[in-house]
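Novice: First the structure, then my questions, so here it is.
The values are calculated or read from the model by the stated rules, or taken from the named source; none is laboratory data. What you see is a predicted model; the values in this text were computed from it and never measured. All Cβ positions, glycine included, derive from the backbone under ideal geometry; neighbour counts span all protein chains shown. The protein model used for the area step is the full one, side chains on, heavy atoms only, and it has no ligands, DNA or RNA in it. Shrake-Rupley method; radii C 1.70, N 1.55, O 1.52, S 1.80 Å.
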Amino acid sequence: MARYKLPLLKDFKTKGDDKSSALIILKNNRGMQVALTNYGARIVSMIVPDKTGSSVDVVLGFNNILDYLHADELYHGATIGRYANRISNGTFELGGIPYKIEPNNGPNALHGGKNGFHTKIWDRRINNPNQVTFYYTSPDGEEGFPGTLTVSVDYLLTDENELQINYRANSDKDTIINLTNHAYFNLDGEGSGSIVDHVVEIAAETFLPINEVQIPLGELRPVSDSAFDFRKPKRISSGISRDDEQIQKGGGGYDHTFVLNEANKDGKKVAASAFSEKSGIMLEVLTTEPGIQFYTGNALTGKDKGKSGNHYAKQHAFCFETQHFPDAPNQAQFPSPLLKAKQPFRSQTIYRFHVQK
Ligand code: BGC
């Protein structure tokens with residue numbers, strides 16, 4: 001199992017003024033540590049205890065800023081915005097006005113466009129040894145989105161081994177918003193190979209089937225009798241191995257939005273979990289968002305060499321991206337991603353860790 005070594009502060013420093021990149025390390029009193037960088041308001045490392053009492057870094061990433069800048073996979077650990085996931089053809093209409101985000105994923109716009117929030121150097125304020133807030137103001141029209149949007153992402157590491165992520169935003173014009181975090185998890189430690197033996201549970205009766213370019217068809221499809229049934233804990237491999245048209249469309253794995261049950265999107269009940277028998281580490285996710293994109297890293301190419309010197313290849317990690325639904329700006333039956341002018345936007349997601357022996 002991959003053990004950890006925290007990245008060094010000096011390896012995240014870029015030359016310059018207050019807009020330079022940095023590494024911030026949060027600690028709690030149970031030995032958990034989280035490293036973050038203001039480049040993309042990203043999670044760099046999450047160091048948690050395993051069943052033997054050793055510490056394991058369960059998030060993929062790099063130990064210096066240059067590797068992030070030159071990475072093959074752009075979204076490691078990043079805050080994604082203004083619109084996480086896909087918008088069909090990069091177009092949508094708001095108040096009768098058409099808007100266009102330049103496509104960066106086949107015909108579609110993905111994760112806020114080419115220069116989305118993952119590429120920005122955010123301002124930062126360190127409040128406590130266990131808390132940091134990142135700030136960014138996105139100018140009106142940035143990447144094609146309407147309104148000047150001020151955003152903050154607050155990371156709080158609690159003594160319950162939770163990382164609480166609180167998103168806030170405000171716009172001066174009506175706009176759309178969908179924020180998430182793109183941490184790639186491997187509960188055996190980053191760089192330790194495939195995650196298909198992890199056991200996953202998701203509190204979702206339905207999921208969103210997708211077309212050839214990964215845009216939801218619009219229907220909420222029951223998970224029963226399908227590879228998408230995670231209502232009881234199940235090994236990822238048992239679903240992926242099925243000859244399933246949707247698994248093929250997801251790139252030979254899961255890359256789908258699960259529609260959380262009403263009771264599991266109040267931010268207080270567990271919405272999804274993953275567990276590795278090998279490490280004994282369990283991750284639980286709580287959220288106020290209506291959906292979770294469960295993504296099994298199907299597009300990881302193996303080109304990126306991570307913190308422990310190992311390459312990140314297909315299905316070497318998974319993501320639980322809490323969010324509104326893909327293409328919701330064009331699909332009125334989905335929960336609305338509209339943010340009205342001068343109204344507060346808030347969203348919370350918690351990643352909580354346990355050990356089970
Ligand atoms: C998407 C994948 C995409 C990946 C890129 C995920 O959120 O669902 O389709 O390949 O991001 O990192």
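Novice: Could you order His354, His198, His70 so the one with the most accessible surface comes first? Probe is 1.4 Å. Working shown, then result.
Specialist: Values: His354 70, His198 5, His70 145 Å².
Result, largest first: His70, His354, His198.
Novice: Let me ask something else about it. Cut-off under 19 Å on the C-alpha distance; same-chain residues fewer than 8 positions from Lys303 excluded. Which aspartates and glutamates are left, in chain and number order?
Specialist: Asp67, Asp72, Glu73, Glu190
Novice: A follow-up question, please. Put a dot 7 Å past each Cα toward the Cβ at Lys314 and Ala263; how far apart are the dots in nm?
Specialist: 3.8 nm
Novice: With only Lys, Arg, Asp and Glu charged, each at its Cβ (+1 for the first two, -1 for the last two), find how big the charge dipole of the chain is about the Cα centre; round to the nearest 20 debye. Display every interim value, and only then the final one.
Specialist: Details: 39 positive and 41 negative charges, 192 e Å.
Once rounded to the nearest 20, the dipole reads 920 debye.
Novice: Probe of 1.4 angstrom, ligands and nucleic acids ignored: what's the accessible area per residue over the stretch 76-173, in square angstrom?
Specialist: Accessible area per residue: 37 Å².
Novice: Sum -39500 (n - 2.57) across every DSSP H segment of at least 4 residues in the chain, then divide by the residue count to get the 222 nm mean residue ellipticity, nearest 500. Don't jump to the answer; show the numbers that get you there.
Specialist: Working: 3 runs with 15 residues, N = 357.
-1000 deg cm²/dmol, from helical runs alone.
Novice: Could I ask something else about it? Over what distance in Å are the Cα centres of the stretch 300-332 and the stretch 109-156 separated?
Specialist: 19 Å
Novice: Let me make sure I get this right: for the stretch 268-340, a, b and c are the square roots of the gyration tensor eigenvalues over alpha carbons, sorted descending. Under 1.5 in a/c it's rounded, otherwise prolate if a/b > b/c, else oblate. Which is it?
Specialist: oblate
Novice: Which of the aspartates and glutamates could a cross-linker span from Lys342 if the Cα-Cα distance has to be under 17 Å and same-chain partners fewer than 8 positions apart are dropped?
Specialist: Result set, ordered by chain and number: Asp140, Asp172, Asp174.
Novice: Would you list, by chain and number, the lysines whose Cα falls below 28 Å from the Cα of Lys51, excluding same-chain residues fewer than 8 positions away?
Specialist: Lys5, Lys27, Lys232, Lys234, Lys268, Lys269, Lys278, Lys305, Lys307, Lys314, Lys357
Novice: What is the percent carbon and sulfur in the accessible area of the chain, measuring with a 1.4 Å probe over the protein chains and ignoring ligands?
Specialist: Accessible surface attributable to carbon and sulfur in the chain totals 49 percent.
Novice: Using amide H atoms built in the peptide plane, which far-off residues or other-chain residues are under 5 Å from Gly77 H to H?
Specialist: His182, Ala183, Tyr184
Novice: Something else about it: Indicate the gyration tensor shape class of the stretch 59-142 (rounded, prolate or oblate), computed on the Cα atoms with a ≥ b ≥ c the square roots of the eigenvalues: a/c under 1.5 is rounded; otherwise a/b larger than b/c is prolate and the rest oblate. Working shown, then result.
Specialist: Values: a/c = 2.79, a/b = 1.54, b/c = 1.82.
Cα axes put the stretch 59-142 in the oblate bin.
Novice: With a ≥ b ≥ c taken as the square roots of the eigenvalues of the C-alpha gyration tensor of the stretch 158-312, please select rounded if a/c is under 1.5 and otherwise prolate if a/b is larger than b/c or oblate if it is not?
Specialist: Rounded, because the longest to shortest axis ratio a/c is under 1.5.
Novice: Positive end of the charge dipole of the stretch 116-201 (Lys, Arg +1 and Asp, Glu -1 on Cβ, about the Cα centre): tell me which of Phe185, Tyr155, Tyr136 has its Cα farthest that way.
Specialist: It is Tyr136, whose Cα lies furthest towards the positive end.
Novice: Give the residue from Gly112, Tyr312, Tyr295 lying farthest towards the positive end of the charge dipole for the chain; charges sit on Cβ (+1 for Lys and Arg, -1 for Asp and Glu) and the dipole is referred to the Cα centre.
Specialist: The listed residue farthest towards the positive side: Tyr312.
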